Amino acid sequence: MIHLIYASVETQAFSSAQLTELLQKARVKNEDLHITGMLLYSDGNFFQVLEGEPDSVDGMYKKLHLDKRHQQLTMIVREPIAKRYFADWSMGFSSVTPEELRQVDGLNDFFRDGSCFVGLDNGRAKKLLATFAEGRWRARLASTERP
Amino acid sequence: MSLGMELHNAPDPNFTFAFQPIVDTESREVLSYEALIRGSGNQPAYQILEQVPAERMHLFDEKARMEAIGLAMRLGIGCDLNLNLLPSSLYSSPTAILSTMEAANRYHLPITRIVLEVTEGEIIADMTHFASLINEYRGLGLKVAIDDFGAGYSGLNLLVNFQPDQIKLDMFLVRGIEAHGPRQAIVRAIDQACRDLGIDVIAEGVETIAEYEWLANQGVRLFQGYLFAKPGFESFPPIHYPECS
Ligand SMILES: Cc1cc2nc3c(=O)[nH]c(=O)nc-3n(C[C@H](O)[C@H](O)[C@H](O)COP(=O)(O)O)c2cc1C
């Protein structure tokens, strides 16, 4: 089993209805493929963890490249894992503003009950999530964050 | 065949271990203990290793890890255990890591608590080969650290095809860092790359408050060195957390 973690940028602004639709379809398909993981959306930036058998995950990542709704796919890590971090989630989802991400409290909210991040141990997925929250891997920065 | 038997039967020098903690100075918790080979009278590692014939080294390496697990468990280890691995044993012996995992099972140490340390210099020659072999075991939960990071000529290149769980900054980079621009620039770059990739950075061989303060200000929070604790002979030594000025 592996996980693949990548970041990308939307091509056109997603409405929440469009995000919901994307997720619904993704979850059905992921269940078929035994893919679990989580998707984070923040101000046009995506951060996604895909977990599963190498064939399924690599196949999905290939397909994601064909999806015109996002671009600049950047693979951050692809490596073997001993267990799923998001075992209960065909695709956990969270949409947060950059301000929420920047605040430590905002990140703590992820780890509240009912969120896919509860019980996430201190492995690569959690560390990279924290990194994304700090603004790394977000190709598109909010105007207030530009140096 | 008989050669193998002779090797197995040859007497090994008497050895045991000292344990040195890797501490998180923010949470003030011990992340791990590294098992360091010592003679039964606390002789330094090199005096033991020089008694081991080259052709027996990988077997010795394997045996040492099993013994270290046994001793750490008898001492009641409650955190990770860093064990050294000669990458050459990985290439020459199919049991190099299996025997470590078996020992872990026998002593009820979860596999996920084991961190295998390999030095940068030993793996750059054949990074792809090393990565493919070690990745099989990472899939079972073993963690990997690259020791002496920044000592060789490869440095950050190493992270292109393989992202370990930890890197240990070479002491040479740490020594006098508070007053040395090039060292600071290099450590900053390593730290940034590791952060971006979710790799823990451990500063090794930290000996002075000034070195510690510079690194802590940079955001490094994992340390191993005399300033915090000396290796404890067959024991887990007391830890001292320095105060920043
Ligand atoms: C950021 C982002 C993440 C996505 N994640 C998934 C996913 O986890 N699973 C999935 O099946 N589709 C996901 N999709 C949608 C796929 O790109 C694709 O549209 C979907 O699999 C439908 O494929 P189909 O047209 O072959 O049915 C994602 C799309 C985007 C833009």
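Summed over the stretch A:46-61, the residues that are assigned to a strand (DSSP E or B) and within 14 Å of chain B (Cβ to nearest Cβ) give a count of 4. Within the stretch A:1-17, the set of residues being out of contact with any Lys or Arg (no Cβ under 8 Å at 6 or more places or on another chain) and either away from every other protein chain (no Cβ under 14 Å) or without any contact (Cβ under 8 Å) to a residue 40 or more places away in the chain (or both) comprises A:Ser8, A:Ala13, A:Ser15, A:Ser16, A:Ala17. Can you spot a residue in the stretch A:62-71 that is near the ligand (Cβ under 10 Å from one of its atoms) and part of a strand (DSSP E or B)? Scanning the stretch A:62-71, I find at least one residue that is near the ligand (Cβ under 10 Å from one of its atoms) and part of a strand (DSSP E or B), so the answer is yes. Look through the stretch A:27-45, keep the residues that are buried (at least 19 other Cβ atoms within 10 Å of the Cβ) and near the ligand (Cβ under 9 Å from one of its atoms), and return whichever of them is farthest from A:Ile81 (Cα to Cα). Among residues in the stretch A:27-45 that are buried (at least 19 other Cβ atoms within 10 Å of the Cβ) and near the ligand (Cβ under 9 Å from one of its atoms), the one farthest from A:Ile81 (Cα to Cα) is A:Tyr41. The number of residues in the stretch B:159-180 being over 20 Å from the mean Cα position of the chain (by Cα), at pLDDT below 95 and more than 14 Å from chain A (Cβ to nearest Cβ) comes to 0.
A search for C-beta distances below 9 Å between a residue of the stretch A:44-70 that is within 17 Å of A:Asp32 (Cβ to Cβ) and any residue that is of a type in the set (Val, Ile, Thr) and within 7 Å of the ligand (Cβ to nearest atom), counting only pairs 6+ apart in sequence or on different chains, returns A:Leu50/A:Ile35; A:Glu51/A:Ile35; A:Gly52/A:Ile35; A:Glu53/A:Ile35; A:Ser56/A:Ile35; A:Val57/A:Ile35; A:Met60/A:Ile35. Being at pLDDT below 95, assigned to a loop (DSSP other than H, G, I, E, B), touching a strand residue (DSSP E or B) at 6+ places or on another chain (Cβ under 8 Å) and within 12 Å of the ligand (Cβ to nearest atom) is a property that holds for A:Phe86.
The values are calculated or read from the model by the stated rules, or taken from the named source; none is laboratory data. Not measured: the values here are computed from a predicted model. Using ideal geometry, Cβ is built from the backbone for each residue, glycine included, and neighbour counts are taken over all protein chains shown.
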